[in-house]
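Worksheet: the structure to be examined is printed underneath.
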Amino acid sequence: MKSTENNLSEIKIYNETDFKGLKKAGSLAARTLEYLEQFIKVGARTDLIDQKANEYLNEHKAYSAPLYYRGFPKSVCTSINHVVCHGIPGDKILKDGDIVNVDITAVLEGYYGDTSKTYCVGKVSVKAEKLVNVTRESMMEGIKILKPGITLGDIGYAIQNYAEANGFSVVRDFCGHGIGTSFHEEPNIMHYGKKGEGIKIKKGMVFTIEPMINSGDFDTKVLADGWTAVTRDKSLSAQFEHTIGITDNGYEIFTL
Ligand code: MF3
Ligand code: CO
Ligand code: CO
């Protein structure tokens, strides 16, 4: 989502019952991504991926959160190559060497599960493959330190440090977000930052970590459709996302 300020008083704390519901929704979102893999290949239209995702969610008593969200016209986001996020599925055809992020948010029994992966289509360049791997790893750097008492700055630092050490940049204009019984809740989760800065995280908080990492500069712009965010320098961009809950002494990834 778009980066803005955090409002501390509005961060929700979820209980054990909520965690069960969030795990069901998260796991369905993850299974939807897995199911879609067969359609993510050379020659496929991105709106086929969208249609299959919507059908799969509906067959599992769930629905897509993005569909009609603030006017978004489709059920998933498909972001190809220099598209950073919020790409709109359409008649665009995947070609050999593309990288494409598919982002799913499932709503099941009132709970939201938000996850995305970047896929390599056919044979991609060495650089694209490295970007995809480093992006996945940078997300995991941010996740593996999670426990009550660390700060949002610690998360951002871990991700940024890893991405930049590998020669890539971290997008500033979009961030992770609280999530649970609605799509975008407090707090915003920046994917860059300084150790020790920002609020401390607590047991029962639920949020996404979804770094967008660029092979060039981090600047982005949104195209005339009002949604598609691209890198200004046309460099490649990759993203991975999980929805995570904070536990007594660590975390639980709901979107596995
Ligand atoms: N799933 C995206 C996220 O991770 C949000 C998509 S909103 C949409 O926050 F409207 F673009 F679909
Ligand atoms: Co998200
Ligand atoms: Co998402």
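The values are calculated or read from the model by the stated rules, or taken from the named source; none is laboratory data. Every value quoted in this text rests on a predicted model; they were computed, and no experiment measured them. For neighbour counting, all protein chains shown are included, and Cβ atoms are generated from backbone atoms with ideal geometry for every residue, glycine included. Surface accessibility is based on the protein's heavy atoms, side chains included, excluding ligands, DNA and RNA. Shrake-Rupley method; radii C 1.70, N 1.55, O 1.52, S 1.80 Å.
Overview of results
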| quantity | calculated |
| --- | --- |
| So PHE183, is it of a type outside the set (Gly, Ala, Ser), within 16 Å of ligand 3 (Cβ to nearest atom), modelled with pLDDT of 95 or more and not in a strand (DSSP E or B) | yes |
| Residue check, LYS41 of a type in the set (D, E, K, R), touching a Gly at 6+ places or on another chain (Cβ under 9 Å) and in contact (Cβ under 8 Å) with a residue 60 or more places away in the chain | yes |
| Checking ASP50 against (1) assigned to a helix (DSSP H, G or I); (2) charged (D, E, K, R); (3) open to solvent by 50 Å² or more (accessible area, probe 1.4 Å), the condition it does not meet | (3) |
| Members of segment 98-121 that are open to solvent by less than 30 Å² (accessible area, probe 1.4 Å) and in a loop (DSSP other than H, G, I, E, B) | ASP98, VAL121 |
| Qualifying residue in segment 196-203 (condition: assigned to a strand (DSSP E or B), touching a residue at least 12 places away in the same chain (Cβ under 8 Å), in contact with a helix residue (DSSP H, G or I) (Cβ under 9 Å, 6 or more places away or on another chain) and over 20 Å from LYS117 (Cα atoms)) | yes |
| Residues being open to solvent by less than 80 Å² (accessible area, probe 1.4 Å) and within 20 Å of the chain's Cα centre (by Cα) - total across segment 7-38 | 14 |
| Those residues of segment 105-144 which are basic (Lys, Arg) and farther than 24 Å from GLY26 by Cβ, in sequence order | LYS123, LYS127, LYS130 |
| Failed criterion for ALA158 (all others in (1) open to solvent by less than 40 Å² (accessible area, probe 1.4 Å); (2) under 23 Å from PRO66 (Cα atoms) hold) | (2) |
| Qualifying residue in segment 171-187 (condition: buried (at least 22 other Cβ atoms within 10 Å of the Cβ) and more than 16 Å from ligand 1 (Cβ to nearest atom)) | no |
| Boolean, THR255 is more than 15 Å from ligand 2 (Cβ to nearest atom), open to solvent by less than 10 Å² (accessible area, probe 1.4 Å) and not small (Gly, Ala, Ser) | no |
